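Scroll down for the structure; my scribbles are underneath it.
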Amino acid sequence: MNYDLRSWAVHKDSKHPFDTPAPHIDNGAVRPDPKRYTSPQFFHDEWEKVFAKTWLLAGPSSDVREAGDWMKFDIGVESFIVVRKQDGTLAAHYNVCSHRGSQLVVDELGSQNSFTCPFHSWQFDLDGKNIKVTDPETFRPEVLCHGLDLSSVRVEEAAGLVFIAMDENVQPLKEYLGPVLPMLETYEIDKMHVVQHRRSDWAANWKGGIDAFYESYHLHAIHPQTMGIINDRTHIDLFENGMSRQFVPFGEPNSHFDDQAAINPGIAALLADAGLDPETFQGTAAESRSAIAMAKRDRAARMGLDYDKFSDAQLTDSTIFGIFPNAQIGCHAEAVFLHRFKPHATDPEQFTYETNIMYRHIDVPGYGAPGWMGLGDDVDMTGETRPDVVHTGLGEPPGMGEVLDQDSDLLPIVQAGARSRGFRGPLWGEQEARLRHFHVHLDRWLAK
Ligand SMILES: [Fe+2]
C-alpha cells in the first residue's frame, strides 16, 4: 500500500502538533452495492440503525446561549426542540405534544420559559414537564396517568456545538468524537455566532451530498474557477467512528492548472486578504500559500490574537472535518462552516443541505472574514442580529455562490446515473479515502 496516495506535501516540514498525521487505516477496496443511493429499504435501515443510534449535530451553542433560548432541529421524519434550561444545561425534546402529537413550535429559534401547544394549549416547561392540561376535569384520571410530559432525547455540547441522540444508550459525545474533538476546540466555535444560515433541498440521496463534499478530486471538472487558487493535492486523515479530516490547500494552484508561477487574480485576492500587496509580492503562485500563513501570523501578533495554536496549514487551508454520520465542518481561523446533509423524511432520492457560517467578531481595525467567504456588506458580523434561515426548494439555485450552484446542478445528474441498472457501484480512489471510510462505518452500523 502506498500511503502517499492520500497525502501530498501539504504540511511540508511542519512540526506543529495539529498537523501530525493520523495512523493509517486500510479500508480495503470493496465496490459497494449502488442500491445504497436509491433503495427505500436501505434508506429505512439507515434511519433506524444509524440516525436513531448515533449523535447528530443539532446546531451551534451560540443559538441557545441564554436560559429559555431554544432552536428547532429537523431531520428526516423528526423534529426536536433543543433548549437552554435555567440551570444552564441543555434539554432536547421531540417537538411533539404529549396530547395529540401536534408539533409545539414551528419557528426556527426563540426564547421563552415554557412551550404551549397550538392545538389545545397544553403547556410544558423547559424540562419538558407538563405544567398545564386545559380543562383537566374533563379527563378521566386513568387517561392522564399515561404520562403527560414531552418525550426527551440525549443532548450534549462539545466545542461550541450541540448534538442530540435518540438512543438513550449512546456512548458519551466526547468519546464518540474522539481525536477530532480537541482539533475542533482550537477554533473556539463557542465564541462564534451565526452570520449566515442557508438551507436548500437537492434531488439526490443525502450520501450524494456527503460524497461530493468529502473530496477535492472533482474541483478541476466542476469548479474550474477554483483552479488558480485551490490545490486538489490534499492531506487526508481517517479516525475512529467514521470521522475524518482533510487539508485542502488555499493559495496555491490546482495540480491540473498550467501556470503555477503567475500571481493570478484569485491568488492576488488571497494575498490582499492577508494584508500583502500582490503588486509587490516577489514569490510565485505556488509560494503564496506560505506567505499568506506568515502574513496572517504577523497580523495576529500585532492584534494580540493567539495564533500559536494554529499550524500554518490551518491559517490558509480549508481544514475540513467529517463528523459521522451527516456533518462536515470546514474550519478557518476566522470562521467555521457547519454543513449538514439531512435525509428527506420519506424519499431516498432527496436531501436537504444546510449550512451555517460561524464567525468570531474581533473588534480590531483591519480584521475581518476573508473575501472569498462571500459575506457581503449587508451581513452583521458583530453577532448582534441572528440572521434568518433562507430556504430554497428543489431545483432552485441555493444562492450560496457559484461553487454551490455548480454542485447543486451536478448532484441530480449523479443521482440519475446511480439509479441506472448499468451502475455497478462506486470505485473510490485514495483522493476519495474519506468517502470509503464513511461508507465502511455506515455499513458497520447497518450490520449491527
Ligand atoms: Fe463541488
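The values are calculated or read from the model by the stated rules, or taken from the named source; none is laboratory data. The structure presented is a predicted model; accordingly, all values stated were derived computationally and were not measured. For neighbour counting, all protein chains shown are included, and Cβ atoms are generated from backbone atoms with ideal geometry for every residue, glycine included. These area figures cover heavy atoms from the full protein model, side chains too; ligands, DNA and RNA do not enter into them. Shrake-Rupley method; radii C 1.70, N 1.55, O 1.52, S 1.80 Å.
Couple of notes before you dig in:
- Lone unmet requirement of (1) aliphatic (A, V, I, L, M); (2) exposed (fewer than 15 other Cβ atoms within 10 Å of the Cβ); (3) outside any helix (DSSP H, G or I) for Val143: (3)
- Considering Leu411, Leu338, the condition of being crowded, with 18+ Cβ neighbours inside 10 Å and over 24 Å from Pro224 (Cβ atoms) is satisfied by Leu338 alone.
- None of Ala369, Ala345 is touching a Leu at 6+ places or on another chain (Cβ under 6 Å) and surrounded by fewer than 21 Cβ atoms within 10 Å (Cβ to Cβ) except Ala369.
- With respect to the stated conditions, Thr355 fails to be β-branched (Val, Ile, Thr) and not in a strand (DSSP E or B).
- Qualifying residue in segment 50-61 (condition: more than 29 Å from His439 (Cα to Cα) and among the basic types (Lys, Arg)): no
- Contacts under 6 angstrom Cβ, first residue in segment 404-416 being more than 9 Å from the ligand (Cβ to nearest atom), partner open to solvent by 50 Å² or more (accessible area, probe 1.4 Å), 6 or more apart: Asp405/Pro397
- Any hit, segment 48-65, residues being open to solvent by 30 Å² or more (accessible area, probe 1.4 Å), of a type outside the set (Lys, Arg) and over 23 Å from His441 (Cα atoms): no
- Looking across segment 5-36, the residues that are of a type in the set (D, E, K, R) and surrounded by fewer than 17 Cβ atoms within 10 Å (Cβ to Cβ) come down to Lys12, Asp13, Lys15, Asp26, Arg31, Asp33, Lys35.
- Screening Thr284, Thr319 for residues that are modelled with pLDDT under 95 and β-branched (Val, Ile, Thr) leaves exactly one candidate, Thr284.
- So Gly322, is it without any contact (Cβ under 8 Å) to a residue 40 or more places away in the chain, open to solvent by less than 10 Å² (accessible area, probe 1.4 Å), small (Gly, Ala, Ser) and closer than 30 Å to Ile164 by Cβ: no
- Scan of segment 203-252 for residues that are within 11 Å of the ligand (Cβ to nearest atom), assigned to a helix (DSSP H, G or I) and among the small types (Gly, Ala, Ser), ordered by number: Gly209, Ala212, Ala221
- The residue pairs whose first member lies in segment 136-155 and is more than 30 Å from Lys174 (Cβ to Cβ), whose second member is surrounded by 11 or more Cβ atoms within 10 Å (Cβ to Cβ) and at pLDDT below 95, and whose beta carbons are closer than 9 Å, counting only pairs six or more residues apart or on different chains, are Pro136/Leu144.
- Matching residues, segment 64-79, being under 21 Å from Val96 (Cβ atoms) and of a type in the set (Asp, Glu): Asp69, Asp74, Glu78
- Reported count of residues in segment 111-122, each being within 16 Å of Ala92 (Cα to Cα), open to solvent by 50 Å² or more (accessible area, probe 1.4 Å) and not hydroxyl-bearing (Ser, Thr, Tyr), is 2.
- Residues satisfying the stated conditions in segment 267-277, i.e. open to solvent by less than 30 Å² (accessible area, probe 1.4 Å) and assigned to a helix (DSSP H, G or I): Ile267, Ala268, Leu270, Leu271
- Scanning segment 393-403 for residues that are among the hydrophobic types (A, V, I, L, M, F, W, C), within 16 Å of Thr352 (Cα to Cα) and within 14 Å of the ligand (Cβ to nearest atom) yields a single hit, Met400.
- Residue check for Ser255: in contact with a Lys or Arg (Cβ under 9 Å, 6 or more places away or on another chain), outside any loop (DSSP other than H, G, I, E, B) and not aliphatic (A, V, I, L, M): no
- Taken over segment 175-197, residues that are in a strand (DSSP E or B) and either without any contact (Cβ under 8 Å) to a residue 24 or more places away in the chain or buried (at least 21 other Cβ atoms within 10 Å of the Cβ) (or both) amount to 3.
- Residues of segment 121-129 include at least one that is of a type outside the set (Phe, Trp, Tyr) and not in a loop (DSSP other than H, G, I, E, B).
- Residue within segment 377-391 that is at pLDDT 95 or above, within 15 Å of the ligand (Cβ to nearest atom), among the aliphatic types (A, V, I, L, M) and under 28 Å from Asp317 (Cα atoms) present: no
The rows are residues; the columns are (1) open to solvent by less than 40 Å² (accessible area, probe 1.4 Å); (2) in contact (Cβ under 8 Å) with a residue 24 or more places away in the chain; (3) at negative phi; (4) over 15 Å from the mean Cα position of the chain (by Cα).
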site	(1), (2), (3), (4)
Ile164	yes, yes, yes, no
Leu173	yes, yes, yes, yes
Ile236	yes, yes, yes, yes
Arg245	yes, yes, yes, no
Ser255	no, yes, yes, yes
